[in-house]
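These notes concern the structure reproduced below.
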């Protein structure tokens, strides 16, 4: 296994796409780092990657163009309103 440095807003799935060319490799990435596929990654974190490349063209695309980064941040949801974003007893009171 090699290691890769996590870029801003990258997830385990992003690392899998970038390094192996497929989202399915996120399981191998997670297992290789003793974490869950849904764990948050942090900018600058070193992550071990799978040595298997499933789709070379996809991997090459992400290496040459843009690194995938699909994680949401708190700022992404800033100012959102509505019942999907409200917390009981915080934003409104149920009586």
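Bear in mind that the values in this text are calculations on the coordinates, not laboratory data. Quick caveat: nothing in here was measured; it's all calculated off a predicted structure. Quick reminder, even Gly has a Cβ in these numbers, built from the backbone with ideal geometry, and neighbours come from all protein chains shown.
Tabulated data for the structure shown
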{"item": "10 Å binning of all Cα-Cα separations within region 2-73, expressed as whole percents from 0 upward", "result": "23, 60, 16, 0"}
{"item": "Fewest-first ranking of 27, 15, using other Cβ atoms within 10 Å as the exposure measure", "result": "27, 15"}
{"item": "Per-residue Cβ neighbour rank within 10 angstrom, fewest leading, 61, 42", "result": "42, 61"}
{"item": "Ranked 31, 19, 64, 56, criterion: other C-beta atoms within 10 Å, fewest first", "result": "64, 56, 31, 19"}
